[in-house]
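Novice: First the structure, which I've put down as structure tokens, then a few questions once you've had a look.
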Amino acid sequence: MEKKTNIGIIICDRYRTCAGGKCLRSLRNREGAFSRYKDVDVELVGYTTCDGCPGGNVEYAVDEMKKNGADVIHLATGLIVGYPPCPHIEYFRDYIQTKYSLDVVYGTHPIPQKYLDMHTQLETWAGAGWQEIIQPTYADEKTRLDYN
């Protein structure tokens with residue numbers, strides 16, 4: 001394996017009781033947005049919520065994650081697939097990159113099929129900006145069904 005990459009994960013506060021099962025499974029299996037680490041040793045150095053709209057915890061949590069050695073911050077798939085998706089997700093990325101000089105990745109686990117189906121019906125992700133956001137977590141149908 002190459003050098004170790006330390007990551008932090010920020011989830012949507014609507015899912016604050018989430019145990020992280022899909023995120024941790026996809027990290028272990030290098031699926032979804034974690035497929036970028038196929039040949040890299042990864043350590044999770046932080047996992048927390050944004051603290052609800054407008055995301056006040058992003059300012060403080062990323063500071064702690066960076067002190068714990070974070071190289072990359074993942075904005076969890078829940079911020080993308082929630083109803084509605086996080087209206088602050090692009091701002092979070094820009095803020096973290098600017099203030100902390102850390103890489104930011106949209107998503108964690110693959111988008112479950114049921115969310116893709118509904119957001120397609122709602123045309124949620126029709127805009128060009130959303131294509132960049134969903135790309136790291138867009139998987140084949142079998143994988144999407146496995147994450148339903």
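Novice: Could you tell me which residue of the range 30-48 is least open to solvent (accessible area, probe 1.4 Å), considering only residues that are closer than 16 Å to Gly107 by Cβ and assigned to a strand (DSSP E or B)?
Specialist: Val42
Novice: Could you list, in sequence order, the residues of the range 1-29 that are touching a helix residue (DSSP H, G or I) at 6+ places or on another chain (Cβ under 6 Å) and part of a loop (DSSP other than H, G, I, E, B)?
Specialist: Answer for the range 1-29, where residues must be touching a helix residue (DSSP H, G or I) at 6+ places or on another chain (Cβ under 6 Å) and part of a loop (DSSP other than H, G, I, E, B): just Cys12.
Novice: Still on this structure: Restricting attention to the range 59-118, report how many residues are closer than 25 Å to Asp140 by Cα and assigned to a loop (DSSP other than H, G, I, E, B).
Specialist: Residues that pass the stated criteria total 12.
Novice: Tally the residues that are in contact with a His (Cβ under 9 Å, 6 or more places away or on another chain) and either farther than 27 Å from Arg144 by Cβ or not hydrophobic (A, V, I, L, M, F, W, C) (or both), restricting the search to the range 57-77.
Specialist: First pass over the range 57-77, keeping only residues in contact with a His (Cβ under 9 Å, 6 or more places away or on another chain): 58, 76-77.
The next check asks that each one be either farther than 27 Å from Arg144 by Cβ or not hydrophobic (A, V, I, L, M, F, W, C) (or both); those that pass are 58, 77.
Count: 2.
Novice: Moving on. Testing Asp94 on (1) open to solvent by less than 40 Å² (accessible area, probe 1.4 Å); (2) free of Cβ contacts under 8 Å to residues at least 12 places away in the same chain, one condition comes back false. Which one is that?
Specialist: The one condition Asp94 does not meet is (1).
One line per residue, one yes/no per condition, for (1) open to solvent by 90 Å² or more (accessible area, probe 1.4 Å); (2) closer than 16 Å to Ile11 by Cβ; (3) touching a residue at least 60 places away in the same chain (Cβ under 8 Å); (4) hydrophobic (A, V, I, L, M, F, W, C):
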site	(1), (2), (3), (4)
Gly55	no, yes, no, no
Ala61	no, yes, no, yes
Ala70	no, yes, yes, yes
Glu123	yes, no, no, no
Thr137	no, yes, yes, no
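Novice: Which one of the conditions (1) over 17 Å from the mean Cα position of the chain (by Cα); (2) surrounded by 20 or more Cβ atoms within 10 Å (Cβ to Cβ) does Arg144 fail to meet, given that it meets all the rest?
Specialist: It is condition (1) that Arg144 fails.
Novice: Mind listing whichever residues of the range 98-121 are closer than 27 Å to Asn6 by Cβ and open to solvent by 90 Å² or more (accessible area, probe 1.4 Å)?
Specialist: Thr98, Lys99, Ser101, Asp103 - these are the residues of the range 98-121 that are closer than 27 Å to Asn6 by Cβ and open to solvent by 90 Å² or more (accessible area, probe 1.4 Å).
Novice: Are any residues in the range 68-79 farther than 16 Å from Arg36 by Cβ and within 14 Å of the chain's Cα centre (by Cα), and if so, which ones?
Specialist: If we filter the range 68-79 for residues that are farther than 16 Å from Arg36 by Cβ, which is where we start, we get 68-69, 78-79.
Once the filter is applied, which keeps residues that are farther than 16 Å from Arg36 by Cβ and within 14 Å of the chain's Cα centre (by Cα), the range 68-79 yields Gly78, Leu79.
The values are calculated or read from the model by the stated rules, or taken from the named source; none is laboratory data. Quantities reported herein were computed from a predicted structural model and do not represent experimental measurements. All Cβ positions, glycine included, derive from the backbone under ideal geometry; neighbour counts span all protein chains shown. The protein model used for the area step is the full one, side chains on, heavy atoms only, and it has no ligands, DNA or RNA in it. Shrake-Rupley method; radii C 1.70, N 1.55, O 1.52, S 1.80 Å.
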